[in-house]
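The values are calculated or read from the model by the stated rules, or taken from the named source; none is laboratory data. On a predicted model such as this, the values are computed, not experimentally measured, just so you know. Quick reminder, even Gly has a Cβ in these numbers, built from the backbone with ideal geometry, and neighbours come from all protein chains shown. These area figures cover heavy atoms from the full protein model, side chains too; ligands, DNA and RNA do not enter into them. Shrake-Rupley method; radii C 1.70, N 1.55, O 1.52, S 1.80 Å.
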Amino acid sequence: MDFMRILPGFPYMQGASYIDGGVNFCVFSRNATSVSLELFKKSDDSAPYKSIPLDPKINKTGDLWHVFVSGLKPGALYLYRVDGPYSPSEGHRFNKNFFLLDPMAKALTSGSLFKNLVNGKVCPVEKLPKCVVVDGFSYEWNGDKPLNIPLSKTVIYETHLKGFTASSSSGCSYAGTYKGFIEKIPYLKELGITAVEFLPVQEFDEFENCNINPKTGRKNVNFWGYSTIAFFAPKSSYAFDRRPGACVNEFKDMVKALHKAGIEVILDIVFNHTAEGNEKGVTLNFKGFDNSIYYQLVNDHKEYYANFSGCGNTVNCGHPVVSDFIVECLRYWVTQMHVDGFRFDLASILTRDEKGFINGESPLTRRISEDPVLRNTKIIAEPWDCGGAYQLGCFPGGRWCEWNDKFRDGIRKFVRGDESLATEAATRLSGSSDIYFSSGRKPFNSINYVTAHDGFTLNDLVSYNTKHNEQNGEDNRDGTDNNLSYNNGFEGECVNPKIQGIRLRQIKNFFVALLLGQGTPMIVAGDEVQRTQGGNNNAYCQDNEISYFNWKNVKNHFDLFEFVRLLISLRKSHPVFLREEFFSGEKEKGENGIPDISWFSLEGKNPDWNKMDRFLGFRLGGKTGKINDNDFYIAFNMDNHDRTVTLPPPGNGTKWYRVADTSIDTLNSILPPGKEELLHNQEKFVVLAGSSIVLMSR
């Protein structure tokens, strides 16, 4: 490599940037005394072929260390070594013997630190992933840009990228990869969702899990990936092409293909903690570059880490340097990788200041909201953390959406048949104005969900009373015990057709509430075809059929797939389900005298909410404000007895037609557009026990 020239470099564009026939390297460290760039020829080399010490007089500007290597090309492999004070009581953990990953590396090679640790601390450099120089500007996007689908018209599909196609049942040529996901885009397009929300795809090391599966005797893994080691790098093992850096273009190919199909890409991103763990953990990057700045440390005992994440450490999001890092990362994924939005795991940590206190005027979350590059991206908060913060409805920063766990819990209890939940269910189905109105937000700021990756699948919610996490190797202690589930008379899989029928009916009831309620709905992959995890409500460590999408279910449960597909289509086709403002009720009547929403008792009268129990009925006026649509009547009977309902009148000159009835156990449970069934009796309807109906006027 005699052609290489070493030049001072530039103090901007942190990471490794290929420009002008060479690579500019730039990293942050305020307290380091020396930094060395280490270049490797191959990912499994036991030593670098060239070490480049950075002279602080030449290669340092402020807190940025930089060097330009002329002649170096994309695909080059590198690490760093950094020296400085090792004084844990002062927050410093520098160690020049550790090879470090660039915090802004755009790609990593394959390899595992956790799988190859010696004495629990050090990984031989030949086993350590290497950072890859990536040419980020040569990819041909063919005019692709983020789609900017309005939130009110968004239907989110949460999925694990690998798990969606990894099963042998997928029939994919590139199973478990970005290319494999492309193969299943026609399925997603047919279902009708508008956005996929991927569990973490930023590089992580799945081998950090040390638990043993008692059934198989093998080590479990970190399948979900909520333990990031490189925030700018797509996971290399999700690429079919394993050449260094190939994962970047393969990820871009997937995004471009999804966009071509009209589907947005939202990334679940984990800025609240990293894989480095606590004071007993490993050193990968942040600890070695500047531990006292990147992490929140215990104020009077800086050798220990604050732990608002429940995972050993807490990223110091309140520090300006760390805030810059986070915003730069988000900008990269939007501008270079064309993603459409982010879901922030344990997002309340982003609002904590450097001492760990919640800041209701959080500079970082407001900055993300107002950043000119990120302005059109979807930003979704999980509005709590493991330190007791709970900011539902008041997450600071303006336009943030939030995972609405009150929708989840209220609808679960109501559909289960709990007493006196009708008022709660009515509030959730009408957009949760009690949570969002006072802060100036809209119904679509509520991300409505019944299930998520964390917890039971929808099938398991109606099939299990308790969790069954034994294979996680934690003696069934992990995972929540507050599932709000009901097995309908038998624990687990069941061949009794009556119980099977009840379970399917309940699943359909959940989908009616989720997809026809006001707010932005989120579906978990496989719920539309009764995917089961065998009662495991915390399958974070199961890289196997427990977590994989079983594609046989698409055929075996085609009736449910059709129900969900047509329900999504119904939602997308009718503005009454896509309101951007909260209901006004009686204050503003529509053109035909019908308010935007009206609530009814079984007798078709104004309900006494103190007496409403296990029944909920409401009419949506289709001719109100700017909306010109059909009227709809939706009713839920979650009682054990059939109920005869007095129907409210539809708009002038129209009649009621049945769109859906979850008590019907055939494909006629829901009818396609133009095939709706005219009701012979326009005044009465028998809503069977444990079912829901959807009527449309025309």
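Among the candidates ARG477, ARG505, ARG531, which residue alone is basic (Lys, Arg) and open to solvent by less than 40 Å² (accessible area, probe 1.4 Å)?
Working: ARG477 fails: open to solvent by less than 40 Å² (accessible area, probe 1.4 Å); ARG505 fails: open to solvent by less than 40 Å² (accessible area, probe 1.4 Å).
Unique residue meeting the criteria: ARG531.
Looking at the stretch 229-348, the helices (runs of 4 or more DSSP H) lying wholly inside it that each contain 3 or more residues that are aliphatic (A, V, I, L, M) and over 22 Å from LYS121 (Cβ atoms) sit at 246-260, 320-335.
Can you work out which of the residues in the stretch 187-233 that are charged (D, E, K, R) and in contact with a Phe, Trp or Tyr (Cβ under 6 Å, 6 or more places away or on another chain) is farthest from LEU128 (Cα to Cα)? Per the criteria, the residue is GLU208. Checked against (1) within 18 Å of the chain's Cα centre (by Cα); (2) open to solvent by less than 10 Å² (accessible area, probe 1.4 Å); (3) within 20 Å of TYR157 (Cβ to Cβ); (4) not acidic (Asp, Glu), PHE231 meets all criteria but (3). Is at least one residue of the stretch 396-415 out of contact with any Pro (no Cβ under 7 Å at 6 or more places or on another chain), part of a loop (DSSP other than H, G, I, E, B) and under 28 Å from SER89 (Cβ atoms)? No, the stretch 396-415 contains no residue that is out of contact with any Pro (no Cβ under 7 Å at 6 or more places or on another chain), part of a loop (DSSP other than H, G, I, E, B) and under 28 Å from SER89 (Cβ atoms).
In the list GLY590, GLY585, GLY517, which residue meets the criterion of being within 19 Å of ALA425 (Cβ to Cβ), open to solvent by less than 40 Å² (accessible area, probe 1.4 Å) and modelled with pLDDT under 95?
GLY585
Filtering the stretch 382-431 to residues that are among the acidic types (Asp, Glu) and open to solvent by 10 Å² or more (accessible area, probe 1.4 Å) leaves GLU382, ASP385, ASP405, ASP409, ASP418, GLU419, GLU424. Residues in the stretch 286-331 that are β-branched (Val, Ile, Thr) and surrounded by fewer than 18 Cβ atoms within 10 Å (Cβ to Cβ): 3 in all. Once the stretch 360-381 is narrowed to residues that are out of contact with any Lys or Arg (no Cβ under 7 Å at 6 or more places or on another chain) and in a loop (DSSP other than H, G, I, E, B), the residue that is most open to solvent (accessible area, probe 1.4 Å) is GLU361. For the condition of a type outside the set (Asp, Glu), assigned to a loop (DSSP other than H, G, I, E, B), touching a residue at least 40 places away in the same chain (Cβ under 8 Å) and closer than 25 Å to ASN291 by Cβ, ALA47 does not qualify. Checked against (1) part of a loop (DSSP other than H, G, I, E, B); (2) open to solvent by 20 Å² or more (accessible area, probe 1.4 Å); (3) touching a Leu at 6+ places or on another chain (Cβ under 7 Å); (4) not hydrophobic (A, V, I, L, M, F, W, C), PRO129 passes all but condition (2). The single condition from (1) within 30 Å of CYS210 (Cα to Cα); (2) free of Cβ contacts under 8 Å to residues at least 12 places away in the same chain; (3) in contact with a strand residue (DSSP E or B) (Cβ under 9 Å, 6 or more places away or on another chain) that PHE549 fails is (2).
Could you please give the count of residues in the stretch 105-126 that are aliphatic (A, V, I, L, M), open to solvent by 20 Å² or more (accessible area, probe 1.4 Å) and not in a loop (DSSP other than H, G, I, E, B)? Walk me through how you get there before you give the answer.
Going residue by residue through the stretch 105-126, those that are aliphatic (A, V, I, L, M) are 105, 107-108, 113, 117-118, 122, 125.
This time we only want the ones that are open to solvent by 20 Å² or more (accessible area, probe 1.4 Å), so: 117-118, 122.
In the following step, the residues that additionally are not in a loop (DSSP other than H, G, I, E, B) were identified as 118, 122.
Qualifying residue count, the stretch 105-126: 2.
So, ASP102, is that one in contact with a Cys (Cβ under 6 Å, 6 or more places away or on another chain) and in a loop (DSSP other than H, G, I, E, B) or not? So ASP102 passes the test.
Of the helices (runs of 4 or more DSSP H) lying entirely inside the stretch 156-208, the ones with 3 or more residues being within 24 Å of THR109 (Cα to Cα) are found at 161-165, 178-183.
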